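Below: the structure, in structure tokens.
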Amino acid sequence: MSDSKIINSYKPLSDHNPVMVQRFGADPYALVYKGRVYIYMTLDYPEMNEIGEIQENTYSKIDKISVISSDDLVNWTDHGTVYAAGEHGQASWGGNSWAPAAAWKTIDGKDKFFLYFANSGNGIAVLTADSPVGPFTDPIGKALISRETPTCVEVTWLFDPAVLMDDDGESYIYFGGGVPSEDKASDPGTARVAKLGKDMISIVGDPKPIENVSYLFEDSGINKIDGKYYYSYCSNFSMTPEAEKEKGFGQGEIITMVSDDPMGPFEMCNPVLKNPEHFFGVGGNNHHCMFEFNGEYYITYHSRILEESMGILKGYRCTGVDKLVLNDKNQPAASTATREGVEQLKNVDPYVETKAVTMSNAAGIATRQYGEEAVKYGSGDMIVTNIRSGGWIQISGADFGAEPARLVEVKVKRAEGRAADKIKGKILVCLDAPESRPLEEIEISMDPVIGVGTKEGMLKISNRLDTMASGLHDLYFVFEGEGYEFYSWKFVE
């Protein structure tokens with residue numbers, strides 16, 4: 001048994017929101033591809049003062065986009081952070097990468113992936129890749145949409161893209177927001193839609209204003225359901241009580257409009273998601289993406305419940321996923337944000353090698369890029385690092401079946417910068433709680449590396465289980481010691 005005190009997570013073991021606790025993630029956008037949901041998020045990176053205290057989020061430092069994916073909406077694989085903008089980003093001409101949107105299309109017989117984001121409030125960039133996790137590169141070396149784009153100079157906030165891939169092969173991008181002046185709060189006129197070129201990295205014709213978007217603030221969304229097009233957005237914070245009563249929605253709420261045409265005109269439809277303050281007691285801006293997966297609809301959004309749990313409350317956001325309600329007309333309707341999140345859609349197969357960065361919860365760890373490509377571009381292969389005694393990762397709903405597992409295999413490596421150290425530690429394999437009696441204690445032992453510059457590769461350790469594992473369980477890997485990194489795990493029948 002472990003003598004180390006188990007480190008507490010920032011969320012209860014039973015909660016599925018936020019979907020990621022190892023770092024912040026805002027403005028989520030969902031892409032469904034080959035049985036997985038990929039979520040792309042603004043990387044809210046804590047801003048520090050000169051003595052290391054976290055300061056209020058100004059959003060000015062944001063130049064990376066986080067990527068995670070799941071096939072069960074509970075266990076999420078960390079794919080890292082796309083180096084999108086800034087000095088070291090692919091779109092080095094831009095300073096920021098806010099509010100991503102993603103799409104994929106088969107071009108010349110090959111699936112291509114497109115990641116759109118805002119350079120603060122001044123334009124939309126596009127990156128491309130051959131995989132949903134990258135590496136992403138800049139195909140045009142400039143903004144796809146800028147202040148020089150016709151009809152866009154007057155858009156207060158030229159940001160928050162959303163992309164529609166229509167059934168006829170055409171595609172469209174929606175963007176914009178902001179209130180030009182207080183007297184225009186009820187109808188700011190700053191929403192836009194443009195048709196994308198066949199290459200997905202150009203636009204066709206001039207962007208078109210989306211008219212009569214009542215109390216628009218920001219956060220474009222687009223969905224096609226039963227042949228109808230649903231444009232969605234976040235309402236602004238200039239609504240009076242009288243206006244809220246008249247319109248049937250409140251400040252900072254996600255609202256839908258509906259049309260028979262992807263470029264409008266749109267008519268008001270239903271409120272969909274109240275401000276996070278309504279559900280969690282702490283608010284801010286509201287941002288969403290509605291998506292279909294395995295025949296059901298979901299909504300992903302951000303809140304501040306992670307930073308609240310951390311005791312920060314400085315405007316750093318985290319991502320949640322909940323069911324989207326459809327009314328009797330099959331329209332998106334008022335839905336609920338929760339800490340519990342959605343039910344797990346399928347069980348985890350523990351007999352398949354699984355990356356250690358796939359988790360439903362964790363404490364006392366971090367993740368980092370692994371391999372030259374991921375290190376260069378920011379996203380791709382990842383490894384669990386910064387391991388501390390008492391830290392752990394949780395995998396929800398692993399089904400060992402009726403016949404018990406006999407062996408467990410893990411792949412670990414020496415942490416960067418620890419070549420001269422003798423590494424000793426343990427990985428405790430536990431079921432149902434991190435404090436439970438381990439099925440097995442996997443010893444980690446690495447002698448100092450001889451020779452300057454010598455690299456030590458991955459170490460595969462296979463242990464026979466002291467206690468057999470069968471049936472459905474939450475699985476925990478609990479760590480003792482430090483100086484090692486955890487790459488993957490697998491059980492053997």
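Which of the numbered conditions does G95 fail, given that it passes all the others? Conditions: (1) surrounded by 15 or more Cβ atoms within 10 Å (Cβ to Cβ); (2) touching a Phe, Trp or Tyr at 6+ places or on another chain (Cβ under 7 Å); (3) farther than 20 Å from L164 by Cβ.
Among (1) surrounded by 15 or more Cβ atoms within 10 Å (Cβ to Cβ); (2) touching a Phe, Trp or Tyr at 6+ places or on another chain (Cβ under 7 Å); (3) farther than 20 Å from L164 by Cβ, G95 violates only (2).
Can you name the residue in the range 210-239 that is in contact (Cβ under 8 Å) with a residue 60 or more places away in the chain and aliphatic (A, V, I, L, M) and, of all such residues, is nearest to N330 (Cα to Cα)?
Narrowing the range 210-239 to residues in contact (Cβ under 8 Å) with a residue 60 or more places away in the chain: 217-226, 228-230, 232.
Next, from what is left, pick out any that are aliphatic (A, V, I, L, M): 222, 225.
On the way: I222: 15, I225: 8 Å.
By that ranking, first place goes to I225.
Checking the condition in the same structural domain as T358 (by TED's automatic domain parsing), modelled with pLDDT of 95 or more, closer than 18 Å to E353 by Cβ and not basic (K, R), which residue from I461, I444 passes? Write out each step before concluding.
On the way: I444 fails: closer than 18 Å to E353 by Cβ.
One residue alone meets the criteria, I461.
Suppose we filter V32, V82 for residues that are surrounded by fewer than 18 Cβ atoms within 10 Å (Cβ to Cβ), in a strand (DSSP E or B), modelled with pLDDT of 95 or more and of a type in the set (A, V, I, L, M); which single one remains?
Working: V82 fails: surrounded by fewer than 18 Cβ atoms within 10 Å (Cβ to Cβ).
Being surrounded by fewer than 18 Cβ atoms within 10 Å (Cβ to Cβ), in a strand (DSSP E or B), modelled with pLDDT of 95 or more and of a type in the set (A, V, I, L, M) holds for just one of V32, V82, which is V32.
When you check V19 against the structure, is it in contact with a strand residue (DSSP E or B) (Cβ under 7 Å, 6 or more places away or on another chain), closer than 16 Å to G320 by Cβ and not assigned by TED's automatic domain parsing to the domain that holds F293, yes or no? Before you say what the answer is, go through the steps one by one.
On the way: in contact with a strand residue (DSSP E or B) (Cβ under 7 Å, 6 or more places away or on another chain): yes; closer than 16 Å to G320 by Cβ: yes; not assigned by TED's automatic domain parsing to the domain that holds F293: yes.
Yes; evaluated as a whole, the condition is true for this residue.
From P132, P150, grab the single residue that is buried (at least 20 other Cβ atoms within 10 Å of the Cβ), in the same structural domain as A243 (by TED's automatic domain parsing) and touching a residue at least 40 places away in the same chain (Cβ under 8 Å).
Details: P150 fails: buried (at least 20 other Cβ atoms within 10 Å of the Cβ).
Among P132, P150, only P132 is buried (at least 20 other Cβ atoms within 10 Å of the Cβ), in the same structural domain as A243 (by TED's automatic domain parsing) and touching a residue at least 40 places away in the same chain (Cβ under 8 Å).
Got a sec? Which of T190, T256, T240 is touching a Gly at 6+ places or on another chain (Cβ under 9 Å), farther than 22 Å from F117 by Cβ and assigned by TED's automatic domain parsing to the domain that holds T156? First the steps, then the outcome.
Numbers: T190 fails: farther than 22 Å from F117 by Cβ; T240 fails: touching a Gly at 6+ places or on another chain (Cβ under 9 Å).
Result: T256 is the single residue among T190, T256, T240 that is touching a Gly at 6+ places or on another chain (Cβ under 9 Å), farther than 22 Å from F117 by Cβ and assigned by TED's automatic domain parsing to the domain that holds T156.
Just the residues that are touching a residue at least 12 places away in the same chain (Cβ under 8 Å) and either surrounded by fewer than 17 Cβ atoms within 10 Å (Cβ to Cβ) or under 14 Å from I6 (Cβ atoms) (or both), please, taken from the range 367-386. Lay out the reasoning, then the answer.
Of the residues in the range 367-386, the ones touching a residue at least 12 places away in the same chain (Cβ under 8 Å) are 367-370, 373-374, 376-386.
Of everything in the range 367-386, those that are touching a residue at least 12 places away in the same chain (Cβ under 8 Å) and either surrounded by fewer than 17 Cβ atoms within 10 Å (Cβ to Cβ) or under 14 Å from I6 (Cβ atoms) (or both) turn out to be E373, K376, N386.
Kindly provide the set of residues from the range 153-176 that are over 18 Å from F114 (Cβ atoms), out of contact with any Gly (no Cβ under 8 Å at 6 or more places or on another chain) and surrounded by 15 or more Cβ atoms within 10 Å (Cβ to Cβ), ordered by number.
The answer is G176, and nothing else.
Answer yes or no as to whether Y33 is assigned by TED's automatic domain parsing to the domain that holds F291, more than 19 Å from H287 (Cα to Cα) and in contact with a helix residue (DSSP H, G or I) (Cβ under 9 Å, 6 or more places away or on another chain). Don't jump to the end; show me each part of the working.
On the way: assigned by TED's automatic domain parsing to the domain that holds F291: yes; more than 19 Å from H287 (Cα to Cα): yes; in contact with a helix residue (DSSP H, G or I) (Cβ under 9 Å, 6 or more places away or on another chain): no.
No.
Please find, among D349, D322, the residue that is assigned by TED's automatic domain parsing to the domain that holds K274 and over 26 Å from E482 (Cβ atoms). Working first, answer last.
Values: D349 fails: assigned by TED's automatic domain parsing to the domain that holds K274.
None of the other options fit; the residue is D322.
Here's the yes/no breakdown for (1) among the small types (G, A, S); (2) under 20 Å from I254 (Cα atoms); (3) outside the structural domain of Y38 (by TED's automatic domain parsing):
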site	(1), (2), (3)
N327	no, yes, no
Q344	no, no, yes
Y370	no, no, yes
G378	yes, no, yes
Q394	no, no, yes
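Exactly one condition in (1) of a type outside the set (S, T, Y); (2) assigned by TED's automatic domain parsing to the domain that holds D199; (3) more than 22 Å from E307 (Cβ to Cβ) is not met by I6; state its number.
The single condition I6 does not satisfy is (2).
What do you reckon, is I6 at pLDDT 95 or above, among the β-branched types (V, I, T) and assigned to a loop (DSSP other than H, G, I, E, B)?
Working: at pLDDT 95 or above: yes; among the β-branched types (V, I, T): yes; assigned to a loop (DSSP other than H, G, I, E, B): yes.
So I6 fits the description; yes.
Out of the residues in the range 390-406 that are outside any loop (DSSP other than H, G, I, E, B) and modelled with pLDDT of 95 or more, state the one that is surrounded by the fewest Cβ atoms within 10 Å (Cβ to Cβ). Steps first, answer last, please.
In the first step, residues of the range 390-406 are kept if they are outside any loop (DSSP other than H, G, I, E, B); the result is 392-399, 405-406.
Imposing the further condition that a residue be modelled with pLDDT of 95 or more reduces the set to 392-399.
Details: W392: 27, I393: 28, Q394: 21, I395: 21, S396: 19, G397: 18, A398: 21, D399: 15.
Looking at residues that are outside any loop (DSSP other than H, G, I, E, B) and modelled with pLDDT of 95 or more, I get D399.
Any idea which of (1) buried (at least 22 other Cβ atoms within 10 Å of the Cβ); (2) out of contact with any Pro (no Cβ under 7 Å at 6 or more places or on another chain) is the one P188 doesn't satisfy?
So the condition that P188 fails would be (2).
Looking only at the range 43-68, which residues are in contact (Cβ under 8 Å) with a residue 60 or more places away in the chain, farther than 15 Å from A103 by Cβ and either surrounded by 19 or more Cβ atoms within 10 Å (Cβ to Cβ) or in the same structural domain as G397 (by TED's automatic domain parsing) (or both)?
Selection gives D44, N57, K64.
Go through the range 240-333 and tell me which helices (runs of 4 or more DSSP H), entirely inside it, have 3 or more residues that are of a type outside the set (G, A, S) and in contact (Cβ under 8 Å) with a residue 60 or more places away in the chain. Walk me through it before giving the result.
Working: elements: 241-247, 276-280, 305-310.
Of the helices (runs of 4 or more DSSP H) lying wholly inside the range 240-333, those with at least 3 residues that are of a type outside the set (G, A, S) and in contact (Cβ under 8 Å) with a residue 60 or more places away in the chain span 305-310.
For the subset of the range 104-155 comprising residues that are polar (S, T, N, Q) and more than 16 Å from A85 (Cβ to Cβ), which member is farthest from the chain's Cα centre (by Cα)?
Applying the first criterion (polar (S, T, N, Q)) to the range 104-155 yields 106, 119-120, 122, 128, 131, 137, 146, 149, 151.
Within this subset, residues satisfying the condition of being more than 16 Å from A85 (Cβ to Cβ) are 106, 131, 149, 151.
Details: T106: 24, S131: 16, T149: 30, T151: 31 Å.
Going through the qualifying residues, I end up with T151.
Can you tell me which condition A337 does not meet? The list is (1) part of a strand (DSSP E or B); (2) surrounded by 21 or more Cβ atoms within 10 Å (Cβ to Cβ); (3) among the aliphatic types (A, V, I, L, M); (4) touching an Asp or Glu at 6+ places or on another chain (Cβ under 9 Å), and all the others hold.
Here A337 clears every test but (1).
The values are calculated or read from the model by the stated rules, or taken from the named source; none is laboratory data. What you are looking at is a predicted structure, and each value in this text was computed from that prediction instead of being measured. Reconstructed Cβ throughout: ideal geometry from the backbone, glycine too, with neighbour counts over all protein chains shown.
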